[in-house]
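A short worksheet on the structure shown next.
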Amino acid sequence: MKNLHSALPNQGWKVMKYGKDSSRNRNLEIMAVHVKTHTQLEATWLKGLDDHPPLLEITLHSRCFTEQA
């Protein structure tokens, strides 16, 4: 997550949030917006609790484009 946080700005992303989320587990999350495309990124490091391996959850939200005839 540290590497992702430091690399995003070099790729045109503006990091809006970097820190622990509001869940009971206090997972680390990054929220960012790509400056040119306005694509939104949500990345969450889900801690491996109860003998489960940790997971990285990534969600991208992009704008919807329609073609005008």
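The values are calculated or read from the model by the stated rules, or taken from the named source; none is laboratory data. Source: prediction; values computed, not measured. Glycine gets a Cβ as well: all are built from the backbone with ideal geometry, and neighbour counts include every protein chain shown.
Summary of values
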item	result
Number of the exception - Glu42 against (1) part of a strand (DSSP E or B); (2) modelled with pLDDT under 95	(2)
Residues that are over 11 Å from Thr59 (Cα atoms) and buried (at least 16 other Cβ atoms within 10 Å of the Cβ), drawn from region 34-47	His34, Trp45, Leu46
Test: Arg26 is touching a Ser or Thr at 6+ places or on another chain (Cβ under 9 Å) and in a loop (DSSP other than H, G, I, E, B)	no
Members of region 45-68 that are among the hydrophobic types (A, V, I, L, M, F, W, C) and not in a loop (DSSP other than H, G, I, E, B)	Trp45, Leu46, Leu55, Leu56, Ile58, Leu60
Residues (assigned to a helix (DSSP H, G or I) and more than 13 Å from the chain's Cα centre (by Cα)) located in region 3-23	Asn10, Gln11
Members of region 29-39 found to be touching a residue at least 24 places away in the same chain (Cβ under 8 Å) and in a strand (DSSP E or B), listed by number	Ile30, Ala32
Test: residue in region 24-35 that is modelled with pLDDT under 95, on the phi > 0 side of the Ramachandran plot and more than 10 Å from the chain's Cα centre (by Cα)	yes
Filter result (more than 16 Å from Ser62 (Cα to Cα), of a type in the set (A, V, I, L, M, F, W, C) and surrounded by 14 or more Cβ atoms within 10 Å (Cβ to Cβ)) within region 1-14	Met1, Leu4, Leu8
